[in-house]
Amino acid sequence: MTHVHLFIPCLVDQFMPEAGEAAARVLARAGARVDCPRGQTCCGQPLYKSGHGDQARALALRFLHLFADAEAVVAPSGSCVHMVRAVYPALLADDPGAHASALALGQRTFELTEFLVRRMGVTDLGARFAGRVAYHDSCQVGRALGVRAEPLALLRAVDGLTLAEVEDADQCCGFGGPFAVQFEDVSAALLDDKLAALLAAAPTALTAAEPSCLLHLRGGLQRRGLALPALHIAQILASEAP
């Protein structure tokens with residue numbers, strides 16, 4: 001049986017714990033044994049993107065220690081996985097041992113849908129979700145990790161779900177971590193364009209594999225007074241017939 005260590009990103013922990021719980025259920029349903037190690041903290045991405053390299057480095061070392069023995073680390077966040085794979089080795093380049101550990105762990109760290117499809121060979125999880133769903137192909141999942149077909153394959157296998165066609169589905173939503181604060185006007189303009197494209201598909205729900213994008217989209221919907229659900233893909237994949 002595949003043994004998975006589930007990493008819960010800080011945004012999931014603080015703002016959408018239901019997505020983390022759903023990810024655990026989905027992995028178990030796919031046949032994995034799931035552990036969620038205690039003592040997890042942020043992967044360091046916000047600090048790194050804000051220019052606090054030393055603090056990000058400390059969190060990277062903690063992550064490497066916590067998951068050192070993991071057969072596979074899975075996270076419901078492409079941005080965190082990209083941080084581990086692409087940034088940790090560079091961040092720890094001056095420490096040969098830590099650098100090697102970062103490279104090795106990066107090869108064992110996966111985004112949720114990537115792991116389900118590529119590593120476990122699963123697309124149909126027996127989920128049922130009635131509705132027309134628009135998928136946002138986030139920058140960190142699609143562009144950074146190259147995970148594009150996997151989320152769509154999983155969604156298409158959900159009973160009762162109709163996948164809406166979204167124009168420029170991979171267009172950025174405008175979040176980008178600190179970018180949304182430093183360049184608020186640009187972020188808001190990108191969000192306007194993204195929501196227009198998503199809403200044009202006439203969905204009954206929105207979904208994405210990246211929690212930061214979902215929080216940004218939810219905020220935009222709320223400010224417009226729109227009660228349209230914006231769900232992490234794990235929540236849809238974990239859904240069952242009533």
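Rule-based calculations on the coordinates, nothing more; no lab input. What you see is a predicted model; the values in this text were computed from it and never measured. Glycine also receives a Cβ, built like all others from the backbone with ideal geometry; neighbour counts cover every protein chain displayed.
Which trypsin sites (Lys or Arg not before Pro) from region 26-59 combine a DSSP loop assignment with at most 15 other Cβ atoms within 10 Å?
On the way: sites: R29, R33, R38, K49, R57; in loops: R38.
Passing sites in region 26-59 are R38.
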How compact and how long is the chain, expressed as Rg and Dmax of its alpha-carbon atoms in Å? 17.5, 54
Shape call for region 91-226 from the C-alpha gyration tensor, a ≥ b ≥ c root eigenvalues: rounded (a/c under 1.5), prolate (a/b greater than b/c) or oblate? oblate
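Using just the helices of the chain, give the 222 nm mean residue ellipticity in deg cm²/dmol: DSSP H runs with n ≥ 4 each add -39,500 (n - 2.57), and the total is spread over all residues, rounded to 500.
Working: 12 runs with 105 residues, N = 242.
It comes out at -12000 deg cm²/dmol, rounded to the nearest 500.
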Name the residues whose placed amide hydrogens come within less than 5 Å of the amide hydrogen of L231, ignoring near sequence neighbours (fewer than 5 apart) on the same chain. L206, T207, A208
HN-Hα couplings for region 130-141 via Karplus (6.51, -1.76, 1.60; θ = phi - 60°), in whole Hz with x for Gly/Pro, come out as 7, x, 9, 10, 9, 9, 8, 7, 5, 4, 6, 7
Using a 10 angstrom cutoff on alpha carbons, build the Gaussian network for the chain and name the most mobile of F183, F115, F67. F183
With an 8 Å cut-off on Cα pairs and a minimum separation of 6 or more residues, tell me the relative contact order of region 122-242 in percent. 34
Neighbouring Cβ atoms within 10 Å as the yardstick, rank I236, I8 fewest first. I8, I236
If amide H atoms are built 1.01 Å from N in the plane of the peptide, which residues on other chains or at least 5 residues away come under 5 Å of the amide H of C36? L6
Ascending count of other beta-carbon atoms within 10 Å, so fewest first, for E184, E210: E184, E210
Estimate the FRET efficiency between H99 and R143 by the formula 1/(1 + (r/R0)^6), using the beta-carbon distance for r and 30 Å for R0, to the nearest 0.05. 0.75
Can you list residues from other chains, or at least 5 along the same chain, whose modelled amide H is less than 5 Å from the amide H of G126? none
Quick check on region 154-193: take the gyration tensor over C-alpha atoms, sort the square-rooted eigenvalues as a ≥ b ≥ c, and tell me if it's rounded (a/c under 1.5), prolate or oblate. prolate
Rounded to whole angstrom, the alpha-carbon centroid of region 48-99 lies from that of region 104-157 at a distance of 22
